[in-house]
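Comments concern the structure below.
Values in this text are rule-based calculations from the coordinates and carry no lab data. No experiment lies behind these values; they were computed from the predicted model shown. Note that we place each Cβ from the backbone using ideal geometry, even for glycine, and neighbour counts take in every protein chain shown.
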Amino acid sequence: MIITTAGRTNQEMKEKARRIAAELEAEYIDRNKRSVGTIQKQVQDDCIVVGKERLELFPVGENQPFFFHPNSAMFRIKRLIKGESDPFLQAARLQRGKSMLDCTLGLASDSIMASYTVGQEGEVTGLEGNRYLAFLVENGLRQWESGLESMDQSMRRIHVKSTNSFPYLEMLPDNSYDVVYFDPMFEENILESDGIKALSRFAVYADLSEEIIFHAKRVAKERVVLKDHFRSSRFKQFGFRVYKRKTSKFHFGVIEK
């Protein structure tokens, strides 16, 4: 990974880019009015561009960058404000003051919903196995301005951990979180969006296992929730009770404690 600045930059942005490079143990390269493509032709590596408003990830060979966006969480929260329901929240049965561990953070849409619901008294932690995606999403959650103060506060409260789910679950004490959540659909979802197709090689493809589910049930006080394709065999394999949704490609499964 290499780090550089946006085309129009200043000394402050250069210093910020150098700090990010040091944190990610990456190489800082001065932009010098060159295009990202030109730099990548010389270096042949993925590139994070540090701009004034956001960070952008340019996978090598791709023209379109990835940058954090709260995705579907924006309109889902607006629906909640109107008094409408949300299938994820119905399955997780989260309430103010509760806690959730999101083992497949992805772009954090469900974690934002969870954080909004549990409020400042609650806790939401998200795990992302790829350190660069974790960094970009964490940075986005801290800086994104949605225009909705309650949503912005919800994003700021999410704790992002750059780690795979199994070692993190394994080290946690029993009953650490009210809800433990898995969404292995993340890899499939990112491939469906043209804007972030290039992220497919950054995704951590770690399937669920008996060991992971064992520790998830141990760590969860109340329930383990799985979002998966409606044809997925994981629901039956691991003993999830399925909440079927006739018009959706995915269902939610729940293991109650």
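For the reader, a short list of remarks on this structure follows.
- Rounded to 5, the percent of DSSP beta bridges in region 73-256 classed as antiparallel: 40
- Length-normalised contact order of the chain in % [C-alpha pairs under 8 Å, at least 6 apart]: 15
- Legend: distances between Cα atoms for LYS236/LYS257; LYS161/LYS217; LYS221/LYS246; pairs beyond 23 Å are LYS221/LYS246.
- Packing-based order for 49-60, 2-13, 74-85, 101-112, using average beta carbon neighbours within 10 Å, highest first: 101-112, 49-60, 2-13, 74-85
- Aspartates and glutamates with Cα under 13 Å of LYS52, excluding same-chain neighbours fewer than 8 positions away: GLU12, GLU15
- Only Cα pairs under 8 Å and 6+ residues apart enter the sum, and on that basis the relative contact order of region 68-182 stands at 32 percent.
- Order of HIS69, HIS251 - criterion: other Cβ atoms within 10 Å of each residue's Cβ, fewest first: HIS69, HIS251
- Gain on full stretching of the segment that runs from PHE214 to GLU84 - 0.36 nm per residue minus C-alpha separation: 43.4 nm
- For region 51-60, 3J(HN,Hα) computed residue by residue from phi via the Karplus equation (6.51, -1.76, 1.60; θ = phi - 60°) reads x, 5, 9, 7, 9, 10, 9, 9, x, 4 Hz, glycine and proline entered as x.
- Sorted ascending by nearby beta carbons within 10 Å, beginning with the fewest, TYR243, TYR116, TYR181 become TYR243, TYR116, TYR181.
- Under a model in which nothing but the beta-carbon of Lys, Arg (+1) and Asp, Glu (-1) is charged, the chain shows a dipole of about 680 debye around its Cα centre.
- Taking every DSSP helix (H) stretch of at least 4 residues in the chain, weighting each as -39,500 (n - 2.57) and dividing the sum by the residue count yields a mean residue ellipticity at 222 nm of -10500 deg cm²/dmol.
- Paramagnetic label zone (point 7 Å from Cα along Cα-to-C-beta, ARG8; backbone N under 15 Å) in region 51-73: 51-54
- Reduced Cα scattering model of region 42-159, Debye log10 I(q)/I(0), q = 0.20 Å⁻¹: -1.07
- Rounded to 0.05, the FRET efficiency of the SER162 and GLN42 pair, given R0 = 45 Å and the Cβ-Cβ distance, is 0.95.
- Proportion of all alpha-carbon pairs of the chain beyond 26 Å (%): 43
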